[in-house]
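For reference, the structure is listed below as structure tokens.
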Amino acid sequence: MKRRMMTAAVAVCLLTTPAAQARHFSPRPCPPPVAPQCQTVRRTVCEWVPVTVTQEVREVVAVPVTTTEQRVQAYTELVTETVPVTRVVHRTEYARQRQKVSVLRPVTRMVERAYPVCVPVTRTEKRTYQVATPVVRTEERQRPVTYFETVPVAKTMHVTCYTPVAVQVPVCAPVGCGCSAVCGAVATCYKMVPTAAAVSYTEYQCVPRTAVQKYQVQVCDYEYQTKAEDVQVVEYQTQVRKEQVPVCSYEAVQEEQEVLVPVSKAYEETINVTRCRPVQKTRAVQVPVISYQYKEQVRKVPVTTFEMHTRVVEETVAVPCPPVRGAGWRGR
């Protein structure tokens, strides 16, 4: 924030320089910059502040009240009854009559027809063809072969062994034994002391060796030879032949025959039909009736208003600098 204020103060100082001095600016070095000056200013700020208060509001509320009333309801009831009805029914009956009818009679006759026939004709033709004869030859080839050779390698290994060392241990007579032995007797015992020693041993390692191996391979080549031989070739020639074919056709012939003819006859019959007849009736029913009663009630409601408040704030502002005339400025 302070850096921005200093930059603003320097900008104000540069803007307040007269235009005449800017026109006569010389390329000489600029005068030393003047440190910006700041001052604290107090000013009054107005702002709106929300204020919430609780107020009592009177309102009218409709309260539903349900009561039961007896009312007369009209309704329609269907009554079923059986009624005799006479109707005319048409029935189909068959009667025998002699009539002329058309009958198809088969008639067979011989008809001459021509048809094509493919006749095979065989001829001898000389053709040439190539024959591949296999020829086997032996060819010598080379291939790299890798094998492993066992090579002895001398190595040294550090081994820890235990060596018996003679140690002098003082011996005292036990207390209360009544012996006249003198304390300070020394006994010799052996103690196993670890000793590190270097042991040489031979280890065998497998070393890969690559060698060129020659081997014989059977290679099969083919020799092509041209041969000629006689081949039987079959060709087909189309010929037209004729023959007598029986053909069956049908001819219509009028004949008198006895046939069954449908005849419709009317009959009267009585049947019982069930009908539904509407009958108007009334009945008493209990009907729930809803009515409303209006009541006045008081309810507390929060109300928010805005009030203007003033407060004093302090701000730091930059003071404009006076015009600076240095060695690089000249006026008229």
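The values are calculated or read from the model by the stated rules, or taken from the named source; none is laboratory data. As the structure is a computational prediction, the values presented were derived from the model and not from experiment. Quick reminder, even Gly has a Cβ in these numbers, built from the backbone with ideal geometry, and neighbours come from all protein chains shown.
Worth a mention:
- Of the candidates GLN205, GLN244, GLN254, the single residue that is at pLDDT below 90, under 30 Å from ARG105 (Cα atoms) and part of a strand (DSSP E or B) is GLN254.
- Here is the figure for the stretch 252-266: residues that are within 8 Å of ALA95 (Cβ to Cβ) and of a type in the set (Val, Ile, Thr) total 2.
- Screening the stretch 110-136 for residues that are surrounded by 10 or more Cβ atoms within 10 Å (Cβ to Cβ) and basic (Lys, Arg) and picking the one that is nearest to TYR236 (Cα to Cα) gives ARG127.
- Search result, residues across the stretch 281-332 that are modelled with pLDDT of 90 or more and touching a Phe, Trp or Tyr at 6+ places or on another chain (Cβ under 8 Å): LYS281, THR282, ARG283
- When THR156 is tested against (1) surrounded by 10 or more Cβ atoms within 10 Å (Cβ to Cβ); (2) at pLDDT 85 or above, just one condition goes unmet, and that condition is (1).
- Of the residues in the stretch 215-232, not one is more than 60 Å from the chain's Cα centre (by Cα), modelled with pLDDT of 90 or more, under 30 Å from VAL101 (Cβ atoms) and surrounded by 10 or more Cβ atoms within 10 Å (Cβ to Cβ).
- Residues of the stretch 176-184 include at least one that is of a type in the set (S, T, N, Q), more than 30 Å from VAL88 (Cα to Cα) and either more than 60 Å from the chain's Cα centre (by Cα) or at pLDDT 90 or above (or both).
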